[in-house]
Amino acid sequence: MAHVPISVVIPCFNEEDNIGECLESVAWADEILVVDSFSTDRTLEIAGRYTNRIFQREYQSHADQLNWAIPQASHEWVLVVDSDERVPGSLAKEIRGLDLANNKVDGYWIRRSNHLFGKKIRFSGWGRDRVLRLFRRDIGRKEDKRVHAEFQVPKSGCLKGAILHYPIPNIETWVVKINRYTTWKAMDKVEKSSPRALLHLFFRPPIRFFKDSVLRLGILDGWRGILIAAMSAFAEMVMSAKMFEFQQKNKRK
């Protein structure tokens, strides 16, 4: 089986606490590209120890950043890894063992093992997380959404291994992420439809808490599961309030 080189693409911004371990986990790759959104911490210094292919580009959205970065890769196959993720040795071995030169798929879905405050989350809506991250450079592109956009390819397969994901180091970071993502999500929703924001504000937060804690068995994740449900409900409330705010601004134009 012929060796097919793989390029790894990592988007980042102020990730000095994560970028080193992330890059270490993909040191086996034939090429590593880091796409930075003008970090002000030591992110670039640390990244420079692993690769000289570092780009800086103004951030518009995750999809926009990656859709620009992917064509910069030198090799036909690309693996996208976020800075708060790690590629364990077992997954790296599985990827290296693929017959990429002769297969008929354009990309692979990879399970994502989500961890919160030192423990793997098995339920709460986080347990069945899959992401399409390994794909042909000239085919895989992210859909045009500001948040939670997925890569799209015509034909895909699934890998057995999992990416390790450590998205939330502390509550403060969690709240900051919620504030950022709810703004983007509210903008997407208001631009594409006319949601009833006030109804969402009253009903979606409690429904989301019940869904994550009970229907998605979050209670089996203990206090972490209850916290996930509570923060998800909070995010629904903030997003609905922002949707209402954007709608009122649009009416005044």
Open item on the list: Of the residues 18, 14, only one is of a type outside the set (Asp, Glu), under 24 Å from residue 169 (Cβ atoms), at pLDDT 95 or above and touching a Pro at 6+ places or on another chain (Cβ under 9 Å); which?
Closed with: 18
Open item on the list: residue 163 - would you say it is outside the structural domain of residue 214 (by TED's automatic domain parsing), farther than 20 Å from residue 14 by Cα, in a loop (DSSP other than H, G, I, E, B) and aliphatic (A, V, I, L, M)?
Closed with: no
- [ ] Determine if the range 185-207 includes at least one residue that is modelled with pLDDT under 90, within 30 Å of residue 106 (Cβ to Cβ) and under 18 Å from the mean Cα position of the chain (by Cα).
- [x] yes
Open item on the list: Condition check: under 27 Å from residue 188 (Cα atoms) and in contact with a helix residue (DSSP H, G or I) (Cβ under 7 Å, 6 or more places away or on another chain). Does residue 146 satisfy that?
Closed with: yes
Open item on the list: Here are the criteria: (1) surrounded by fewer than 17 Cβ atoms within 10 Å (Cβ to Cβ); (2) farther than 17 Å from residue 115 by Cβ. Tell me which single one residue 186 does not satisfy.
Closed with: (1)
- [ ] Return a yes/no flag: does the range 130-138 have any residue that is at pLDDT 95 or above, basic (Lys, Arg), over 21 Å from residue 28 (Cβ atoms) and surrounded by fewer than 20 Cβ atoms within 10 Å (Cβ to Cβ).
- [x] yes
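Rundown of residues vs (1) within 26 Å of residue 76 (Cβ to Cβ); (2) acidic (Asp, Glu); (3) assigned by TED's automatic domain parsing to the domain that holds residue 80, yes/no style:
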position	(1), (2), (3)
13	no, no, yes
17	no, yes, yes
21	no, yes, yes
27	yes, no, yes
34	yes, no, yes
41	no, yes, yes
44	no, no, yes
54	yes, no, yes
Open item on the list: Looking at (1) modelled with pLDDT under 95; (2) more than 28 Å from residue 87 (Cβ to Cβ), which one does residue 226 not meet, given that it meets all the others?
Closed with: (1)
Open item on the list: Is it the case, given these coordinates, that residue 124 is touching a Leu at 6+ places or on another chain (Cβ under 9 Å) and surrounded by 15 or more Cβ atoms within 10 Å (Cβ to Cβ)?
Closed with: yes
Open item on the list: Residues that are surrounded by fewer than 17 Cβ atoms within 10 Å (Cβ to Cβ) and not acidic (Asp, Glu), at least 1 per element: which helices (runs of 4 or more DSSP H) completely within the range 1-91 meet that?
Closed with: 62-69
- [ ] Scan the range 186-195 and give yes if some residue there is assigned to a helix (DSSP H, G or I) and within 16 Å of residue 122 (Cβ to Cβ), otherwise no.
- [x] no
Task: Single residue of the range 115-145 satisfying the filter (in contact with a Gly (Cβ under 8 Å, 6 or more places away or on another chain) and without any contact (Cβ under 8 Å) to a residue 40 or more places away in the chain) that is nearest to residue 69 (Cα to Cα) - done: 139
Open item on the list: Can you confirm whether residue 229 is within 25 Å of residue 60 (Cβ to Cβ), under 22 Å from the mean Cα position of the chain (by Cα), outside the structural domain of residue 144 (by TED's automatic domain parsing) and of a type outside the set (Asp, Glu)?
Closed with: no
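The values are calculated or read from the model by the stated rules, or taken from the named source; none is laboratory data. It should be emphasised that the depicted structure is a prediction, and the values quoted were computed from it without experimental measurement. Neighbour counts are summed over all protein chains in view; Cβ atoms, including those assigned to glycine, are modelled from backbone coordinates with ideal geometry.
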